[in-house]
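To keep things clear, I will list the structure first and then write my remarks on it.
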Amino acid sequence: QVQLVESGGGSVQAGDSMSLSCIASGHTSSRITLGWFRQAPGKAREFIVRLSKLGYTYYTDSVKGRFTVSRAAALNTMTLQMTNLRPDDTAVYYCAADTDDSGFKYWGRGTQVTVSA
């Protein structure tokens, strides 16, 4: 069982930056694959980025060049640095974990990000 806790959401203006963090606990492996997703009101949950246990990243096109994911010194702590935020980035952002390369099965409770024009 993996527990995920997100932090760092809030309200900003368009063009601002914001950083989100996710702490994963409860898993015995030294590293697991983590990811960020988001869900805007009335829309399906959307994939943002995947950070593999080996450090490889894969971003969705809409955030490339604006969002950067990293894994902190604590191996299962992940940060999402978001720059040049736009109103259409407004959503609840979720951290997710894939412990056995079979897909994201563990989810955090989410943190709200609101970007005003």
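Quick one: which residue in A74, A96 is under 16 Å from L4 (Cβ atoms) and at pLDDT below 90? Full working, then the answer.
Values: A96 fails: at pLDDT below 90.
Being under 16 Å from L4 (Cβ atoms) and at pLDDT below 90 holds for just one of A74, A96, which is A74.
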Notebook entry, point to check: Limited to segment 36-49, what total is found for residues that are in contact (Cβ under 8 Å) with a residue 24 or more places away in the chain and either touching a helix residue (DSSP H, G or I) at 6+ places or on another chain (Cβ under 7 Å) or closer than 16 Å to M78 by Cβ (or both)?
Noted result: 5
Next item on the list: Given the conditions (1) at pLDDT 95 or above; (2) more than 20 Å from S11 (Cα to Cα); (3) within 12 Å of the chain's Cα centre (by Cα), report the number of the one that K64 does not fulfil.
Entry: (3)
Note to self: For segment 93-114, check the following and say yes or no: at least one residue is touching a Lys or Arg at 6+ places or on another chain (Cβ under 8 Å) and on the phi > 0 side of the Ramachandran plot.
What the structure shows: no
Check: Do you know which residues across segment 1-45 are touching a Lys or Arg at 6+ places or on another chain (Cβ under 9 Å), open to solvent by 70 Å² or more (accessible area, probe 1.4 Å) and of a type outside the set (A, V, I, L, M)?
Finding: S30, R31, R45
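The values are calculated or read from the model by the stated rules, or taken from the named source; none is laboratory data. Please read all numbers here as calculations on a predicted model, not as lab measurements. Heads up, the Cβs are rebuilt from the backbone with ideal geometry, glycines too, and the neighbour counts pull from every protein chain shown. These accessible areas exclude ligands, DNA and RNA; they are computed on the full protein's heavy atoms, side chains included. Shrake-Rupley method; radii C 1.70, N 1.55, O 1.52, S 1.80 Å.
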